[in-house]
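Novice: I'd like to ask some things about the structure below.
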Amino acid sequence: MDELNLHEGHRARLRERAIKDGLDGFTEHQILELLLSFYLPRVDTNPIAHKLIKEFGSLGAVLEARTEDLVTIDGMGEKAATFLHLIPQILKAYKKSKMQESVFLSNPRQVFHYLGEIVKYMPYEEFYVICLNGKSMVLNTKLLAKGNNNQVELNLQQITKTALQLNASGIILVHNHPSGTSEPSVEDIALTKKVYLALSLNGVCVMDHLIISKDDYYSFNKQGYFLAFQKEFNNLLNFEALKEKAPKYEV
């Protein structure tokens with residue numbers, strides 16, 4: 001078997017494996033090799049993929065590199081470099097299109113299928129708010145904040161403003177944990193409680209908060225947090241009613 005047929009057989013096996021099993025079992029250089037094989041069909045892309053990973057450090061860094069830097073790697077032409085460079089932009093367009101679809105969400109599993117695949121492999125935290133109408137149909141999904149691989153800064157006013165502007169009946173919070181575990185941090189719990197109480201006072205129901213990792217997801221509602229938040233909210237309302245009935249007292 002000549003070298004060209006050998007490479008073609010290897011590429012065909014890579015593609016068949018990707019179609020059948022997905023990319024979870026692929027190494028980063030194998031994913032690059034597969035991508036380049038579509039653009040460089042008569043070239044052995046394996047050594048090019050290894051050189052790219054060695055030079056830039058990771059698949060993510062390769063895809064975020066400038067085309068002028070990518071073409072410095074032996075075997076990379078301008079068109080192949082442009083192709084790799086455009087992939088993150090294509091994924092962003094996909095995310096935007098996906099989040100504009102009219103979808104019915106009534107449980108955590110549906111929320112995970114709606115947004116999980118979009119955020120689970122992000123190398124940094126992203127925080128989304130999904131706004132729903134009274135029939136649990138998605139009105140809008142908005143990316144509110146990006147962070148690093150450990151945390152994201154989020155303003156409570158952003159969430160409230162987004163929900164009220166869209167006249168949402170309910171919202172669902174979603175963010176990812178690139179570090180691995182989907183378990184909530186102390187900060188995650190505190191933020192969820194603040195959002196729940198603030199939105200409840202504004203007549204908007206917080207349906208859930210999902211934390212998504214690469215392997216699973218965590219639902220605050222499923223874990224019983226929202227029942228506790230509801231009790232606190234009811235106590236708050238009762239306290240306000242008590243104040244209204246209290247005699248006037250000036251200091």
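Novice: Considering only the stretch 145-170, how many residues are at pLDDT below 75 and in a strand (DSSP E or B)?
Specialist: Qualifying residue count, the stretch 145-170: 0.
Novice: Can you tell me which residue within the stretch 52-75, out of those that are more than 26 Å from residue 121 (Cα to Cα) and surrounded by 14 or more Cβ atoms within 10 Å (Cβ to Cβ), is farthest from the chain's Cα centre (by Cα)?
Specialist: So, considering only residues that are more than 26 Å from residue 121 (Cα to Cα) and surrounded by 14 or more Cβ atoms within 10 Å (Cβ to Cβ), the one farthest from the chain's Cα centre (by Cα) is 75.
Novice: For the stretch 181-212, which residues satisfy the criterion of being touching an Asp or Glu at 6+ places or on another chain (Cβ under 8 Å) and under 17 Å from residue 120 (Cα atoms)?
Specialist: Result: 182, 209, 211.
Novice: For the stretch 57-76, which residues satisfy the criterion of being touching a residue at least 24 places away in the same chain (Cβ under 8 Å), outside any helix (DSSP H, G or I) and small (Gly, Ala, Ser)?
Specialist: Listed by number, the residues that qualify are 58, 75.
Novice: Please go through the stretch 94-111 and pick out each residue that is in a helix (DSSP H, G or I) and either at pLDDT below 90 or not assigned by TED's automatic domain parsing to the domain that holds residue 137 (or both).
Specialist: Answer for the stretch 94-111, where residues must be in a helix (DSSP H, G or I) and either at pLDDT below 90 or not assigned by TED's automatic domain parsing to the domain that holds residue 137 (or both): 94, 95, 96, 97, 98, 99.
Novice: Let me ask another. Do you know which residues across the stretch 170-208 are closer than 20 Å to residue 107 by Cβ and of a type in the set (Ser, Thr, Tyr)?
Specialist: Correct list: 182, 192, 196.
Novice: Kindly list the number of the only condition in (1) of a type in the set (Ser, Thr, Tyr); (2) farther than 21 Å from residue 104 by Cα; (3) not in a loop (DSSP other than H, G, I, E, B) that fails for residue 218.
Specialist: Among (1) of a type in the set (Ser, Thr, Tyr); (2) farther than 21 Å from residue 104 by Cα; (3) not in a loop (DSSP other than H, G, I, E, B), residue 218 violates only (2).
Novice: Which of the residues that make up the stretch 113-129 are over 10 Å from the mean Cα position of the chain (by Cα) and under 11 Å from residue 210 (Cα atoms)?
Specialist: The one that is over 10 Å from the mean Cα position of the chain (by Cα) and under 11 Å from residue 210 (Cα atoms): 129.
Novice: Here are the criteria: (1) crowded, with 16+ Cβ neighbours inside 10 Å; (2) within 24 Å of the chain's Cα centre (by Cα). Tell me which single one residue 92 does not satisfy.
Specialist: (1)
Novice: Now, a different point. Residue 118 fails exactly one of the following numbered conditions: (1) in contact with a helix residue (DSSP H, G or I) (Cβ under 8 Å, 6 or more places away or on another chain); (2) more than 30 Å from residue 137 (Cβ to Cβ). What is the number of that condition?
Specialist: Here residue 118 meets the rest and fails (2).
Novice: Could you list all residues from the stretch 101-137 that are within 24 Å of residue 181 (Cα to Cα) and basic (Lys, Arg)?
Specialist: 109, 120
Novice: Taking into account only those residues within the stretch 85-114 that are of a type in the set (A, V, I, L, M) and without any contact (Cβ under 8 Å) to a residue 60 or more places away in the chain, which is nearest to residue 142 (Cα to Cα)?
Specialist: Once the filter is applied, the top-ranked residue is 99.
Novice: Can you tell me which of 166, 143 is of a type in the set (A, V, I, L, M, F, W, C) and either buried (at least 19 other Cβ atoms within 10 Å of the Cβ) or more than 21 Å from residue 218 (Cα to Cα) (or both)?
Specialist: So the residue among 166, 143 that is of a type in the set (A, V, I, L, M, F, W, C) and either buried (at least 19 other Cβ atoms within 10 Å of the Cβ) or more than 21 Å from residue 218 (Cα to Cα) (or both) is 166.
The values are calculated or read from the model by the stated rules, or taken from the named source; none is laboratory data. None of the values given here were measured: they were computed from a predicted structure. Neighbour counts are summed over all protein chains in view; Cβ atoms, including those assigned to glycine, are modelled from backbone coordinates with ideal geometry.
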